[in-house]
Amino acid sequence: MTTSVIEVSGLRKAFGDRVVLDGVDLRVEAGTIFSLLGPNGAGKTTTVNVLTTLVRADGGSVRVAGHDVATEARAVRSVIGVTGQFAAVDELLTGRENLQLMVDLGRVPARDGKRVVAELLERFELTESAGKPASTYSGGMRRKLDLAMTLVGNPRIIFLDEPTTGLDPRSRRTMWSIIRDLVADGVSVFLTTQYLEEADQLAHRVAVLDQGRLVAQGTPDELKRQIPGTHVRLRLATAADLDAAGRIFPDAARDEEALTVRVPSDGGTASLRALLDRLDEYHLRAEEFSVHTPDLDDVFLALTGRTTEVTAK
């Protein structure tokens with residue numbers, strides 16, 4: 001039997017006349033990564049703020065580690081760690097001093113402080129730079145230090161709000177490895193991200209939030225199965241060509257802004273040849289074409305009508 005570390009039912013929140021969360025239900029299992037996706041203004045950050053006791057909900061039930069966030073906020077804070085969108089390190093302090101500050105502010109016994117700091121520096125490969133000011137750290141090093149600071153006190157539930165935004169691909173993959181190691185140690189992770197590849201790589205379950213409501217929830221594979229399978233993506237030269245392609249392939253999904261159509265296909269050479277012959281028959285030419293299998297990008301577009309370029313907040 002699995003154990004839930006986060007249980008949300010009917011969560012509602014409004015700011016003035018603007019409804020931000022409108023009846024959100026979700027459940028996070030212990031020792032898993034749960035990823036919340038959504039376009040700008042969908043309510044992701046507000047959800048995290050409610051779950052971490054920073055904002056009070058207007059309605060619904062929210063429990064974290066069995067504690068009610070409204071009436072047991074202190075108990076919730078004692079078991080969680082939060083890493084925000086921007087590294088919350090003090091750039092005037094060294095890496096070691098930043099960690100020691102968290103030790104001093106937290107509930108780590110004084111006798112264990114130096115050991116905890118040393119272990120975290122080693123775990124995040126920051127030992128060599130521990131004596132340097134954080135202002136000299138690269139973006140990836142700052143994010144690692146920020147996450148290390150979050151782990152002081154050994155929280156069992158961690159909220160990561162877009163932890164790899166702005167990092168280069170190598171630093172992103174390093175962070176992925178660290179997150180996987182945390183979960184292997186039994187930590188539960190609530191992740192928001194603007195990179196759907198990240199959610200696909202890391203998350204055991206994904207929820208898509210749009211205009212304050214959850215429009216889908218499940219494993220990445222379950223969500224992918226909700227939309228058509230393999231397809232050929234064609235990019236046309238003009239809107240007129242796009243309209244013509246839509247008439248030729250009535251089952252195709254269209255993206256007016258990108259001038260593309262997605263034609264269901266098995267991706268085989270025979271079906272590709274037939275598709276291109278059909279275009280030629282109607283004197284149409286695709287600027288680009290590619291065979292595409294479903295990913296979370298397709299799921300997101302199908303569910304929200306938006307591309308992932310607007311999922312950063």
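Read-outs throughout are calculated quantities, based only on the coordinates presented, and are distinct from any laboratory measurement. If you're wondering where the values come from, they're calculated on a predicted model, not measured in any experiment. Using ideal geometry, Cβ is built from the backbone for each residue, glycine included, and neighbour counts are taken over all protein chains shown.
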F159 long-range amide H proximity, modeled H, under 5 Å: G81, V82, T83, F190
If amide hydrogens are placed 1.01 Å from N in the peptide plane, which non-local residues have theirs closer than 5 Å to the one on D210? V215
Which FRET efficiency value, to the nearest 0.05, do you get for R27 and R213 by plugging their Cβ-Cβ distance into 1/(1 + (r/R0)^6) with R0 = 22 Å? 0.85
Cα to Cα, under 14 Å, and not fewer than 8 places away if on the same chain: which aspartates and glutamates meet these conditions relative to K114? E97, D104, E122
Any idea how far apart K114 and L92 come out in nm if each label point goes 7 Å out from Cα toward Cβ? 2.6
Could you tell me how many degrees, from 0 to 90 and to the nearest 10, lie between the Cα long axis of helix 239-248 and the main elongation axis, the longest principal axis, of the Cα atoms of the chain? 70
Starting from the Kirkwood radius over alpha-carbon pairs of region 211-308, derive D by Stokes-Einstein at 37 °C in a medium of 0.692 mPa s and give it in µm² s⁻¹. 230
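Which whole-number percentage describes the relative contact order of the chain, with Cα contacts under 8 Å and a sequence gap of 6 or more?
Details: 572 pairs, mean separation 65.1, N = 313.
Computed value for the chain: 21 percent relative contact order.
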Show which lysines lie in cross-link reach of K44 when reach means a straight Cα distance below 17 angstrom and same-chain residues fewer than eight apart are skipped. K13, K313
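Using Stokes-Einstein with the Kirkwood hydrodynamic radius over Cα pairs, what translational diffusion coefficient do you get for region 1-160 at 10 °C and a viscosity of 1.306 mPa s, in µm²/s rounded to a whole number?
Working: Rh = 17.1 Å.
Rounded, D is 93 µm²/s.
Filter the trypsin sites (Lys or Arg not before Pro) in region 1-56 down to the DSSP loop ones having no more than 13 other Cβ atoms within 10 Å, then list what survives.
R56
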Sort 268-274, 93-99 by the packing proxy (mean of other Cβ within 10 Å over each peptide's residues), most packed first. 93-99, 268-274
The chain: Cα Rg divided by the 2.2 N^0.38 Å rule of thumb: 1.18
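For region 221-313, which chymotrypsin sites (Phe, Trp or Tyr not before Pro) pass both filters: DSSP loop (anything but H, G, I, E, B) and at most 13 other C-beta atoms within 10 Å? Let's see the in-between values first.
Numbers: sites: Y282, F289, F300; in loops: Y282.
Here the sparse-neighbourhood loop sites are Y282.
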Rounded to the nearest 0.05, what FRET efficiency do R56 and A240 have when you use their Cβ-Cβ distance and R0 = 41 Å? 0.15
Taking the Cβ of E128 as the center, what net charge do the other residues with Cβ under 13 Å away carry, scoring Lys and Arg +1 and Asp and Glu -1? +1
Among DSSP beta bridges whose residues both lie in region 4-224, state the antiparallel percentage, nearest 5. 55
Between the alpha-carbon centers of region 207-266 and region 121-172, tell me the distance in whole angstrom. 37
Sequence-distant aspartates and glutamates (8 or more away, or on other chains) whose Cα lies within less than 17 Å of K224: E197, E198, D200, D266, D295, D297, D298
Taking a label point 7 Å from the Cα of H204 along Cα-to-Cβ, the residues of region 19-41 whose backbone nitrogen sits under 20 Å from it are 25-37
